[in-house]
Number of protein chains: 2
Amino acid sequence: MGDDTRERVKRVATEIGFRPNALAKGLLSNRSFTIGLLTNDTYGRFTLPVMAGITEALVDHGVSVFLCTIEDDPALGKVHVDAMLDKSVDGIIASGKRIDRRLPVDLSNLPVPVVYAFTEGTPGSVTFCADDFQGATLAVEWLMGLGRRRIAHITGPESFVSVRERAKAYLSLVGDQLPVLYGTWSEAWGHEAVAKIWNTSGPKPDAIFCGNDQIARAVVDALRERDVRVPRDVSVVGFDNWEIVAAQTRPPLTTVDMNLKALGREAGLTVLALTEGRAVEPGIRTLPCELVVRQSCGGNPDH
Amino acid sequence: MGDDTRERVKRVATEIGFRPNALAKGLLSNRSFTIGLLTNDTYGRFTLPVMAGITEALVDHGVSVFLCTIEDDPALGKVHVDAMLDKSVDGIIASGKRIDRRLPVDLSNLPVPVVYAFTEGTPGSVTFCADDFQGATLAVEWLMGLGRRRIAHITGPESFVSVRERAKAYLSLVGDQLPVLYGTWSEAWGHEAVAKIWNTSGPKPDAIFCGNDQIARAVVDALRERDVRVPRDVSVVGFDNWEIVAAQTRPPLTTVDMNLKALGREAGLTVLALTEGRAVEPGIRTLPCELVVRQSCGGNPDH
DNA sequence: CTGAAAGCGCTTACAG
DNA sequence: CTGAAAGCGCTTACAG
């Protein structure tokens, strides 16, 4: 084949928009350049940022991702996993809403690598999650740095590992001058907890570290309704940096961000590494959180 | 091949978990049994329910879906569309946040069928969206059925078609005794609008139809802060039935649901029909909304 | 260095 | 009715 023929072929190829068939390629290489993302987080509050990170990391490698939201029905879950395996996905990322619960599907003996994010993995697997202890430390230290001395903690159900981790960090910094208030992940609980504290005689907190943004939002609302000023009288910190809640609160919430996108990026690159046969250390990988400062704490001291 | 040999082969096949290779199948049939879902809705507020509907409709047909959230960067959008085409998707569903804006990618001359949902399609394409006029009619008629006579309308930016459609329905039922209050899709605007109305002398509304749930939530909050009781003094209706907002409002919002999951199901079946070469009528398909009754309107008359 | 052949895992059409 | 061959669109290994 002459050099100019070669040139002409190439030119015509791009002219007619020639696109190598990835299916045929995959048949040879035994790689489909697709992965599956499984989740039981129907709201997408965790999954969508994680997914954005995965996509961002993998698009450069030509990998596309199947998303599949499974309810709590194991049968349906199996159908979806099978559909992914039929498509010869190169790997699967299982994601959820909490690190101490499994998805309602068995992923233990799959012919492809599985990586876990925000859900409990099988022994010997790789699992990614946020560092709850470090995130909570960030929040409480921030409050202390602002000169707050009576810091309360209103949080979710004690049955969540992340709740216990955050409470542990809180207690290790603040001590047990005030009881940790465990409840539910709802605004209703935030209102109730504030009522509980303010209806009791004795000194009031000058800061409240909340287990998530929904509770924090309710706490801010409840305080306003009692004419307690935020942040002047009480500083409030949330957890999650869920924009839609944190940014709409009046005043907007200072809150802990779990860097879910970065977590997704890591998970994506890890499943890719496993696909390519590279060695990956198993275990739980904890990624650092960061504090997003808005207006619910006041003062912006050097940090 | 003898009958018993055939049986043995089949038995062994299931025993070793034989799984026909979909890639090889696709090479023959020219179908990959995958479709792509493109969206610019990073929150997933519209896309996730739509996606749930698509998945539900297509899983029975063995079709899996690639999800891809594209930002406003056309170059990145093209990369993602190309990645989907490389994977030989059987079709693409483009979805967005509003019916009068295009996604930042050109989908007009693709080798696969494209169906639009909640985003502007190319001429001659099939587009699915909710019936804003009918949904708004449902809301206002509900308020009128409860005996409300001074119904205000606080809504989003007039530049949105859906805002204009909803306002049109409102005006056609209520007349122009009160001006439509156009603003932004934020809680801040809900507060501002209530202040605007209540700081003006003259009779106050006994009901407020809001353009979305965020505005409705803020309206309810703002009324409470003015000691106006919801629903006793004023009934409030939202739009979207965004659980996380509607259910957490005090009292929980009666609101219009756009049936996004059903919309997704339709879109999925339609792209499948196009893939299989079945004829599909082009144009805009409008799906009916329904009213979800909670507590922000009071009374539960026969309906 | 160039070009033809073999083969990935299926299905379809054809010969026996 | 059964069984072998051809071919989908690629890549890899081999022969010239």
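A few comments on the model shown:
- Based on Cα atoms of region A:225-273, Rg over Rh with Rh as the Kirkwood radius reads 1.26.
- Cα centroid separation, region A:96-133 to region A:4-38 (Å): 34 Å
- The distance from the alpha carbon centre of region A:232-259 to that of region B:273-292 is 41 Å, rounded to a whole number.
- Label spacing, shortest first and in nm, from B:Gly147 to its equivalents in the remaining copies (7 angstrom along Cα→Cβ): 5.5
- Coordinate range along principal axes, alpha carbons of region B:148-223, Å, largest first: 30, 25, 17
- 0 to 90° range, to nearest 10: angle between helix A:213-225 axis and chain A longest Cα axis: 30 degrees
- Across identical copies of the chain, B:Ala273 has label-point separations of 4.8 nm, listed in ascending order, with the point defined 7 angstrom from Cα along Cα→Cβ.
- Considering only the Cα atoms of the protein assembly as shown, their convex hull presents on average a projected area of 35.5 nm².
- Karplus-derived 3J(HN,Hα), 6.51/-1.76/1.60, for each residue of region A:267-274, Hz, glycine and proline x: 4, x, 5, 5, 5, 5, 4, 4
- B:Ala207 long-range amide H proximity, modeled H, under 5 Å: B:Arg150, B:Ala152, B:Ser235
- Taking θ as phi - 60° and the Karplus parameters 6.51, -1.76 and 1.60, the scalar couplings of region A:16-21 work out to 7, x, 4, 9, x, 6 Hz in sequence order, x denoting glycine and proline.
- FRET efficiency, 1/(1 + (r/R0)^6) with R0 41 Å, evaluated for B:Glu276 and A:Arg11 via beta carbons: 0.70
- Annotation: peptides A:12-18, B:269-275, ranked by per-residue average of other Cβ atoms within 10 Å with the highest first, follow the order B:269-275, A:12-18.
- Rule-of-thumb Rg ratio for region B:132-258 [Cα; 2.2 N^0.38 Å; N residues]: 0.92
- Chain B: angle of helix B:187-198 to the longest principal axis, Cα-based, in degrees nearest 10: 20 degrees
- For the protein assembly as shown, share of DSSP beta bridges that run antiparallel, in % to the nearest 5: 10 percent
- Across every direction, the projection of the convex hull enclosing the Cα atoms of chain A has a mean area of 20.8 nm².
- Computed from Cα atoms, the angle from the helix B:132-145 axis to the main principal axis of chain B rounds to 40 degrees.
- For the protein assembly as shown, calculated [θ]222 nm from helices alone, where every DSSP H run of n ≥ 4 adds -39500 (n - 2.57): -12000 deg cm²/dmol
- Taking other C-beta atoms within 10 angstrom as a stand-in for reagent exposure, B:Met51, A:Met84 fall in the order A:Met84, B:Met51, fewest first.
- For region B:31-106, the Kirkwood estimate of the hydrodynamic radius, built from every pair of different alpha carbons, is 12.7 Å.
Any read-out appearing in this document is the output of simple, stated calculations on the displayed coordinates, not a laboratory observation. As the structure is a computational prediction, the values presented were derived from the model and not from experiment. Every residue, glycine as well, gets a Cβ built from its backbone with ideal geometry; the counts of neighbours run over all protein chains shown.
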